[in-house]
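The values are calculated or read from the model by the stated rules, or taken from the named source; none is laboratory data. Bear in mind that the values here come from a model prediction, so they are computed numbers and not experimental data. Heads up, the Cβs are rebuilt from the backbone with ideal geometry, glycines too, and the neighbour counts pull from every protein chain shown. Just the protein is used for accessible areas: all its heavy atoms, side chains included, with ligands, DNA and RNA removed. Shrake-Rupley method; radii C 1.70, N 1.55, O 1.52, S 1.80 Å.
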Amino acid sequence: KQKFKNRLFETLAVRKAKGFIAPTKYAGDVSAELFGLRKEKIKTIHYGLDLTQFKNEYPERFEKGLILYIGTIIRKKGVFELPEIFHKVRNQVPEAQLVLIGGDSGDVATGNQSTWELVKQQFPEQDLEQVSYLGKIPYTEVQDYIKKANVCVFPTYAETLGMVTIESMAMQKPVVNSNIGWAQELMEDGRSGFLVHPANHEKYANQIIELINDETLCKSIGSEALQFVSNHFDIQYVVDQNIQFYKDLL
């Protein structure tokens, strides 16, 4: 919830705008509802990705069983779902590893200053031995971990688009993503990635297990993921969309 003053100022400012751009149709629809706008006034233009900066020359090379999460360690990103999902994965793939990258955050539900400490307590002791939390690291190193990953997972509950998802896809990684709203605009489920509700631990884990056990499927999903990102999020295409939108307004 927002303070009344903040919400009032935001609403007044938004309603003065001549045009509106949302990074996903979902974000635009929610914004229209919150600010009392007509949905048809909001133009969906995705964030752009410079594909030259996200290359993976050897997508067939990865560490089997390495599951990667990238993002803030915060409740809304679905991190509290990871312990149960990972436990189910390890029941079938005991050698699986989970690596988490991203800054820690306070937890709004409990007031605890470290969400990671809360999440850490949810892992069974034997599973925790296979979990590594790296905190914030330089982005060049993040890309190295994406290349190493067998599967990238993003079980988030709140996002406008999810740049790290499409960055992983651009690097030809199979992604198991949340299936909520915006996520359905990021990939074609079952072809260029997988969409699963974060609370469905069984299905989420089974999708990860299937990818770990099927290198051919990983290769196919990764290739389709790159193609999808190229078709929808290439910065050159997105820039042209923005320029045309501004021209139409002016």
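Some points to look at:
- Here K136 is the anchor, and the aspartates and glutamates within straight C-alpha reach of less than 19 Å, apart from those fewer than 8 places off in the same chain, are D104, D107, E117, D144, E167.
- Amide H contacts under 5 Å for S132: L98, V99, L100, restricted to partners 5 or more places along the chain or on a different chain, H placed in the peptide plane at 1.01 Å from N.
- Taking the longest Cα principal axis of the chain as reference, the axis of helix 82-92 is set at about 40 degrees.
- Cβ-placed point charges (K, R +1; D, E -1), dipole of the chain about Cα centre in debye, nearest 20: 1320 debye
- Signed unit charges on C-beta, dipole axis of the chain, positive-most listed residue T216, Q236, V142: Q236
- Summarising the overall dimensions of region 180-237 from its C-alpha atoms, the Rg and Dmax are 12.6, 39 angstrom.
- For peptides 173-179, 17-23, sequence by mean Cβ density within 10 Å, most packed first: 173-179, 17-23
- Region 143-192-region 50-67 distance, computed between alpha-carbon centres (Å): 13 Å
- Translational diffusion coefficient of region 1-54 (Stokes-Einstein, Kirkwood radius from Cα pairs, 37 °C, 0.692 mPa s): 262 µm²/s.
- Put the Cα centre of region 15-48 next to the Cα centre of region 78-94 and the gap is 36 Å.
- Rounded percent of accessible protein surface that carbon and sulfur make up, the chain, 1.4 Å probe: 49 percent
- Per residue of the chain, the DSSP helices (runs of n ≥ 4 H) give a summed -39500 (n - 2.57) that works out to -13000 deg cm²/dmol at 222 nm.
- Cα-Cα over 28 Å, subset of K1/K88; K77/K148; K25/K203: K1/K88
- Relative contact order %, region 1-82, counting alpha carbon pairs below 8 Å whose residues are six or more apart: 22 percent
- Tensor-based shape of region 130-176 (alpha-carbon gyration tensor, a/c under 1.5 rounded, otherwise prolate or oblate): rounded
- Folded to 0 to 90 degrees: helix 201-213 orientation relative to the chain principal axis, Cα: 70 degrees
- Degrees separating the helix 4-15 axis from the principal Cα axis of the chain, which is the longest one: 60 degrees
- Debye log10 I(q)/I(0) at q = 0.09, 0.12 Å⁻¹ for region 91-219, Cα point scatterers: -0.27, -0.49
- Relative to the 2.2 N^0.38 Å rule of thumb, region 20-115 has a C-alpha radius of gyration ratio of 1.52.
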